[in-house]
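Take a look at the structure below.
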Amino acid sequence: MSTKLGMKHFWPFFWKLANPKVFMRWSGLCLPWIIALTVLCLGTGLIWGFFLTPDDARQGSTVKIIYLHVPSAFIAINGYFVMVLGSLFWLVRRQHVSVLVAKASAPIGMTMTVIALTTGAIWGQPIWGTYWVWDPRLTSFLILFLFYIGYVALWAAIDDQDKVADLTSVLALVGAVFAVLSRYAVIFWNQGLHQGTTVTIADGVSQKNISSIFFQPLLLSMIGFGLLFLTLLLIGARTEIRAQRLQVLEGLERLK
Amino acid sequence: MIQLFTRDVVLSVRSGGGFGLALVFFLILVVLMPFALGPDQSVLAKIAPGLLWLGALLACLLSSDRIFGMDYEDGTLELLATSPLPLESVYLAKAAAHWFTTGLPLSLAAPVFGILLNLNLEVGGVLCLSLLLGTPALSLIGSFGATLTLGVRRGGLLLSLLVLPLYIPTLIFGALTVNAAALGKELDGSLIPILAITLGAIAILPFFSAMALRANLQ
Amino acid sequence: MLKVSNLSVGRGRISLLNDVNFMLKAGQALVLRGPNGVGKTTLLRCVAGLQDPLLGDINLEGSVAYAAHAEGIKGSMSVFENLKFWADVYGGSMTEEVLLAYKLNDLAQRPAANLSAGQKRRLSLTRMLVTGCDLWIMDEPTASLDAENIALFYMTIDSHLQAGGAALLSAHNDLNINAETLDLAQFCKARSIVTSNFDEPLE
């Protein structure tokens, strides 16, 4: 492998991953390292965040749920993004691995949405005085959850693998358009009380809405959650590929 | 395209499946509401715009799994797919026929049913207008959902699971417009987002629906 | 008019027929023969463009009308209305004479729901006439027809071929028409499966 991994080298390699064998080899090689990194980042980030930062002046120790809430929300959205990209690649390039990655991404993203909503509710009780408000951001996440459910349910409803891959991909793309539309409709519908985005990255410079004492462990747990997503995604996709292989081998056996 | 639209309208009028049923379902929903919420006139007037929009939306959804279902089962869809008519047009014609037999009568009936919920006629006019602009989007989205669940046995429940989240933006803008009118505000272009969703649905959904139909006919 | 080369077709991922080759010129008809489940319908669906072949090419010139097993007849419309609809869809013309081909003229105004199986089949055969297409692809066209109507069918096919049309038919028994017969049983020997590289050892 060349030491300079420029874009020129990246894309040909990326497309090669669409071959199940290549994908299995590379994901198998990377997985132990990614798991180790996940444990390291998530462990450090969460322990640092939970035990080694002071309580917030106003919010007390409740603020510490932020180390679960913000990263899970971040992954919930990006999981949907991965799902849409995988679906798009399938419709354009007709290679199974991409749609299997999309399929694997959905339940992870869905779970992350539930985690984000639950931790948000637990945090909201003492701070806002209620578990749930119809705030735009909360509402958008609930809607995102509904979109995830639809996608997963469609996968479960049809047996023919190629057909269901097409249909779920179409749903993912149309769903993405309507999810974005819902987001803006909901903002229009109710200006909310949720605080602004916690971490915004603009022009490569981190602008912080919270003080850096909380920010550093938060960043670490966000990276940790990102790696956790990658780990689960790879394991999920590898399982799906093995299931496909099993189907093909069974088919071959029946032909003999 | 026109021939398919006309045929679908004729079929739904003759078989009595979609045409009257959605309207009656809408009426029953409106009649049940006061039983659930109490007969207080001021409460009913306050929630009437939202209820009527929601009722119209559910009535639209209820009839959408038959849009392609009948033609799929009796083989017509296969024959249409091999005809010179592109599947995009098949989808548009069928969605249009669905709107003509459900969305249009629902929109016109909504202000009349609104009287039962103490909705004044002026707001009723805005409600009718917003439904006229919004129900085409509901029919288009419902038909799109129907192309996805075509081969699924008893796909009705799955269809609502897929379609209801897609209805959210239309519902939000629709109900928002009528609620604002009920508070005595000017329209001020609040119908534009509804129209935009309908036009956007016309622009993108035929392409994706045709793709889904093709996959389902494989 | 139609050239099929090295065609493999299948259901799901498993191929039913492999390496199918045939040609059809204007004025010719071809009967695909084979027992139930051999892949007649699948092959016809591929040629009609409903289904993607697993491998191979289908070159088609001219317009195609397809008649499937399911006839797509609307029971609440009359025989005439059913035919008129398809004539409109194909941009063809609907005349009273067309009804004579299968003697449907007396039934023209009857709701299609009240037709017998044989009458429905005659309606679906008449449908091919109103499409005005060059190539007719018909899946077991003679099913549920009596001897008299089978004779009418042969006559209609003959006049279609003489007018420069072509027909691709499937049947599980002999058809008594002037056409070549292709036995599909010979193509289903080397059945295979589309593996999309999933058969390679993974680790």
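The values are calculated or read from the model by the stated rules, or taken from the named source; none is laboratory data. Since this is a predicted model, take the numbers as computed values, not measurements. Note: ideal-geometry Cβ built from the backbone for every residue, glycine included; neighbour counts use all protein chains shown. Ligands, DNA and RNA are excluded from the accessible area calculation, which covers all protein heavy atoms including side chains. Shrake-Rupley method; radii C 1.70, N 1.55, O 1.52, S 1.80 Å.
Quick notes on this one:
- The listed residues are C:VAL89, C:VAL31, C:VAL79, and the only one of them that is in contact with a Pro (Cβ under 9 Å, 6 or more places away or on another chain), hydrophobic (A, V, I, L, M, F, W, C) and away from every other protein chain (no Cβ under 14 Å) turns out to be C:VAL79.
- Of all residues in segment A:150-167 being more than 13 Å from A:HIS96 (Cα to Cα), more than 7 Å from every other protein chain (Cβ to nearest Cβ) and assigned to a helix (DSSP H, G or I), the one that is least open to solvent (accessible area, probe 1.4 Å): A:TYR151
- Of all residues in segment B:142-171, those being in contact (Cβ under 8 Å) with a residue 12 or more places away in the chain, part of a helix (DSSP H, G or I) and more than 8 Å from every other protein chain (Cβ to nearest Cβ) number 12.
- Lone qualifier among A:LEU91, A:LEU146, A:LEU142 - being over 18 Å from the mean Cα position of the chain (by Cα), assigned to a helix (DSSP H, G or I) and within 12 Å of chain B (Cβ to nearest Cβ): A:LEU91
- Of the residues examined, B:SER107 is not one that is surrounded by fewer than 18 Cβ atoms within 10 Å (Cβ to Cβ), in a helix (DSSP H, G or I) and away from chain C (no Cβ under 14 Å).
- Given (1) away from chain C (no Cβ under 14 Å); (2) part of a helix (DSSP H, G or I); (3) touching a residue at least 40 places away in the same chain (Cβ under 8 Å); (4) of a type in the set (Gly, Ala, Ser), number of the condition B:ALA36 does not satisfy: (3)
Residues are listed down the side, and each one gets a yes or a no for (1) open to solvent by 50 Å² or more (accessible area, probe 1.4 Å); (2) outside any loop (DSSP other than H, G, I, E, B); (3) at pLDDT 85 or above; (4) not hydrophobic (A, V, I, L, M, F, W, C):
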{"position": "A:PHE23", "(1), (2), (3), (4)": "no, yes, yes, no"}
{"position": "A:ILE35", "(1), (2), (3), (4)": "yes, yes, yes, no"}
{"position": "A:LEU40", "(1), (2), (3), (4)": "yes, yes, yes, no"}
{"position": "A:GLY45", "(1), (2), (3), (4)": "no, yes, yes, yes"}
{"position": "A:LYS64", "(1), (2), (3), (4)": "no, yes, no, yes"}
{"position": "A:TYR67", "(1), (2), (3), (4)": "no, yes, yes, yes"}
{"position": "A:ILE75", "(1), (2), (3), (4)": "no, yes, yes, no"}
{"position": "A:GLY79", "(1), (2), (3), (4)": "no, yes, yes, yes"}
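- Among residues of segment A:81-110, those that are among the aromatic types (Phe, Trp, Tyr) and either farther than 15 Å from A:VAL170 by Cα or crowded, with 23+ Cβ neighbours inside 10 Å (or both), counted: 1
- For the condition at negative phi, in contact with a Cys (Cβ under 9 Å, 6 or more places away or on another chain) and at pLDDT below 90, C:ASN36 does not qualify.
- Residue ranges of strands (runs of 3 or more DSSP E) in segment C:60-176 with at least 1 members touching a residue at least 60 places away in the same chain (Cβ under 8 Å) and in contact with a Cys (Cβ under 8 Å, 6 or more places away or on another chain): C:64-67
- Scanning segment A:208-242 for residues that are within 10 Å of chain C (Cβ to nearest Cβ) and either among the aliphatic types (A, V, I, L, M) or touching a residue at least 40 places away in the same chain (Cβ under 8 Å) (or both) turns up A:ARG238, A:ILE241.
- Of all residues in segment C:1-39, those that are basic (Lys, Arg) and either open to solvent by less than 10 Å² (accessible area, probe 1.4 Å) or assigned to a strand (DSSP E or B) (or both) total 3.
- Residue-level check: of (1) within 30 Å of B:SER15 (Cα to Cα); (2) open to solvent by less than 10 Å² (accessible area, probe 1.4 Å); (3) touching a Leu at 6+ places or on another chain (Cβ under 8 Å), C:ALA87 misses just (3).
- Qualifying residue in segment C:117-138 (condition: surrounded by fewer than 19 Cβ atoms within 10 Å (Cβ to Cβ), on the phi > 0 side of the Ramachandran plot and at pLDDT 85 or above): yes
- Residue count for segment B:178-208 under the criterion of being in contact with a helix residue (DSSP H, G or I) (Cβ under 6 Å, 6 or more places away or on another chain) and assigned to a helix (DSSP H, G or I): the result is 13.
- C:LEU125 being away from every other protein chain (no Cβ under 11 Å), of a type outside the set (D, E, K, R) and out of contact with any Ser or Thr (no Cβ under 6 Å at 6 or more places or on another chain): yes
- When each of B:VAL31, B:VAL13 is tested for being open to solvent by 30 Å² or more (accessible area, probe 1.4 Å), among the β-branched types (Val, Ile, Thr), at pLDDT below 90 and part of a helix (DSSP H, G or I), the lone residue that passes is B:VAL13.
- Looking at C:SER170, C:SER144, just one residue is under 28 Å from C:GLY37 (Cβ atoms), more than 15 Å from the chain's Cα centre (by Cα) and away from chain A (no Cβ under 14 Å), and that residue is C:SER144.
- Single match in C:VAL20, C:VAL4, C:VAL9, C:VAL31 (criterion: among the β-branched types (Val, Ile, Thr) and either under 16 Å from C:MET138 (Cα atoms) or without any contact (Cβ under 8 Å) to a residue 24 or more places away in the chain (or both)): C:VAL31
- Of all the listed residues (C:GLU180, C:GLU200), the sole one being within 14 Å of another protein chain (Cβ to nearest Cβ) and surrounded by fewer than 16 Cβ atoms within 10 Å (Cβ to Cβ) is C:GLU200.
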